[in-house]
Amino acid sequence: MRKVSIFGATGSIGQNTIDLIKRDPSAYDVVALSGGQNIQQLAEDAVVLGADVAVTADETRLSELRAALGDSGVEAAAGARAIVEAACRPADWVMSAIVGAAGLPPGLAALQQGATLALANKESLVTAGQLIMETAQNHGGRILPVDSEHSAVFQALVGEDMDAVERIVITASGGAFRDWTLEDMARATPEQASSHPNWNMGQRITVDSASMFNKALEIIETKEFFNCSHEQIEVLVHPESLVHALVGFKDGALMAHVGPPDMRHAIGYALHWPERQHLPVARLDLANIGALHFRAPDPQRYPALRLAHEVLELGGHAGAVFNAAKERALDAFLDHRIGFLQMADVVEEVLSQLSPSHCLKNAEMSLDTVTETDHVARRTADTVIEQLA
Ligand code: NDP
Ligand code: MG
């Protein structure tokens, strides 16, 4: 039986992972599940899967979790430190699906145990790409991408040499506002930004899809994971969300990964890698679909894409600055304190204020330096937001 842990178990990726594991429970020995506010879901899944421990990120809700677990024998724990402790428990395969920068410490802890880390938490690679890749290398751990585009690239690269790669193209649906005018986008509400035309995901990534901050994070994620140059990475708007990524080789061949917009494909690929096993995802009927559409993203509508390339040129801790500023700008937008398009203004301003001190190439990177940068960038973003609001 494979020992597995799922961090962010109550979220969209976490629940899709549990769906796959529940289909073949005898194959898995569940070590740890973590959640945040959704105590009932966390407890229910921990009991059904027979987890050793269930951890909520919220320290104030430990007794509630304990009560929900009843006499099931599942241990209860709470707080960010308890999540990291749970990630230190030996496991063969660990799903990293907490949202935001909070996903980095447990992911690092799992890699330090030599686990295979299925990485949905893109913020880990964005904030600390060098650190997380080195940690995997130094401890015999392995990272498997779960973000659909990166899973697609990973699959297109099987048996290929990175030296033969000319470019990596990741696709973007365009999110909720792909056909809106700039004027309408400026007035968009959090409710309007929270519905995605193709994918069913957590609220934060859904809003990030509408602003293309999600794609910006994915550009950085691509560079960190595949170790290509940022000039090799392209974004294509593809409204159908069926082609997830394409890899262009130096002989002109373009390998596309095509599949339904269902995260259980990328999760299942990482779960069964290096094998392929049957997955309960829809099979595409291309004759019925008929046509696929692609267009270049409009740089005016999506400044986040330009900022991602700037981050990669800056290097150092620029990714941590970018992510933290983006998280605070997103909070401010969701709280109706700034407009939709102002999120990019906040991130750009924070980057320009902090790049002389925090985006130094070749700077030493550790969990402490990343955490410190994250805190400084959040404080700076809050000041910028106050001035704008
Ligand atoms: P959700 O918002 O649906 O779930 C987030 C999970 O993290 C929940 O379990 C939540 O707990 C938990 N959580 C929230 N805040 C904290 C915290 N501070 N500390 C610990 N745990 C916390 O997100 P998604 O599942 O959509 O996304 C998860 C990650 O995967 C993100 O990094 C996202 O970018 C990435 N991703 C998601 C995709 C998708 O299709 N959803 C696609 C590709 C990548 P609770 O809900 O109980 O409060
Ligand atoms: Mg993605």
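The values are calculated or read from the model by the stated rules, or taken from the named source; none is laboratory data. This one's a predicted model, so the numbers in the text were calculated from it and none came from an experiment. Every residue, glycine as well, gets a Cβ built from its backbone with ideal geometry; the counts of neighbours run over all protein chains shown. Keep in mind that these areas ignore ligands, DNA and RNA; they rest on the heavy atoms of the full protein, side chains included. Shrake-Rupley method; radii C 1.70, N 1.55, O 1.52, S 1.80 Å.
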Revision key, fill the gap. Taking the alpha-carbon centre of each part, the distance from segment 184-237 to segment 136-158 in Å is 19 Å
Exercise for review: When a/c is below 1.5 the answer is rounded, else prolate if a/b is larger than b/c, else oblate, so apply that to segment 96-158 with a ≥ b ≥ c taken from the square roots of the Cα gyration tensor eigenvalues.
Suggested key: oblate
Point to revise | Carbon + sulfur, % of accessible area of the chain - ligands and nucleic acids excluded, 1.4 Å | key: 49 percent
Practice item. Return the Cα extents of segment 33-85 along principal axes one, two and three, sorted largest first, each rounded to a whole Å. Key: 24, 19, 15
Practice item. Amide H neighbours of Thr116 under 5 Å, at least 5 residues apart or on other chains, H built in the peptide plane: list them. Key: Trp93, Val94, Arg142
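Would you kindly state the longest site-free stretch of the chain, with sites defined as trypsin sites (Lys or Arg not before Pro) in a DSSP loop (not H, G, I, E, B) surrounded by at most 15 other Cβ atoms within 10 Å?
Details: sites that count: Arg23, Arg187, Lys250, Arg276, Arg283, Arg337, Lys361.
So the longest stretch without any such site is 24-186.
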Practice item. Write down the Kirkwood hydrodynamic radius of segment 182-312, to one decimal in angstroms, obtained as one divided by the mean of 1/r over all alpha carbon pairs. Key: 16.8 Å
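Under unit Cβ charges (Lys, Arg +1; Asp, Glu -1), what dipole magnitude, rounded to 20 debye, does the chain have relative to its Cα centre?
It works out to roughly 380 debye.
In the chain, which whole DSSP H runs stretch at least 20 Å along their own axis (Cα) and average -1.0 or higher on the Kyte-Doolittle scale?
Working: long enough: 122-138 (21 Å, -0.13); 318-334 (24 Å, 0.52); 342-358 (24 Å, -0.05); 367-388 (31 Å, -0.38).
Taking the DSSP H segments of the chain (at least 20 Å long, mean hydropathy at least -1.0), we get 122-138, 318-334, 342-358, 367-388.
Give me the percent of DSSP beta bridges within the chain that run antiparallel, rounded to the nearest 5. Intermediate results must be reported in sequence, preceding the final value.
Values: 11 of 41 bridges.
If I count the DSSP bridges inside the chain, around 25 percent turn out antiparallel.
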**Study point:** Cα gyration tensor shape for the chain, rounded if a/c is under 1.5, else prolate or oblate
**Key:** rounded
**Study point:** Residue-normalised accessible area of the chain, expressed per residue, 1.4 Å probe, Å²
**Key:** 42 Å²
Check your understanding: So, in nm, how far is label Asn288 from label Glu240 when the simple model puts each one 7 Å beyond its Cα toward the Cβ?
Key -> 1.3 nm
Revision key, fill the gap. Scalar couplings 3J(HN,Hα) for segment 230-236 by Karplus 6.51 cos²θ - 1.76 cosθ + 1.60 (θ = phi - 60°), nearest whole Hz, x for Gly and Pro, are 5, 5, 7, 9, 10, 10, 10
Check your understanding: In Å, what is the Rg of the alpha-carbon atoms in segment 126-223, and how long is Dmax?
Key -> 16.5, 51
Exercise for review: For segment 201-263, build the convex hull from the C-alpha positions and give me its volume per residue in Å³.
Suggested key: 106 Å³
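I'd like the Kirkwood hydrodynamic radius of segment 272-389, using the inverse of the mean 1/r over distinct C-alpha pairs, in Å. Write down the numbers at each step before the final one.
Values: mean 1/r = 0.0599 Å⁻¹.
Averaging 1/r across every pair of different Cα atoms and inverting gives 16.7 Å.
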Study note, to complete from the structure: Projected area averaged over all directions for the convex hull of the alpha carbon atoms of segment 148-200, nm², comes out at 5.3 nm²
Check your understanding: What shape does segment 63-207 take by its C-alpha gyration tensor, where a ≥ b ≥ c are the square roots of the eigenvalues and a/c under 1.5 counts as rounded, a/b above b/c as prolate, and the rest as oblate?
Key -> oblate
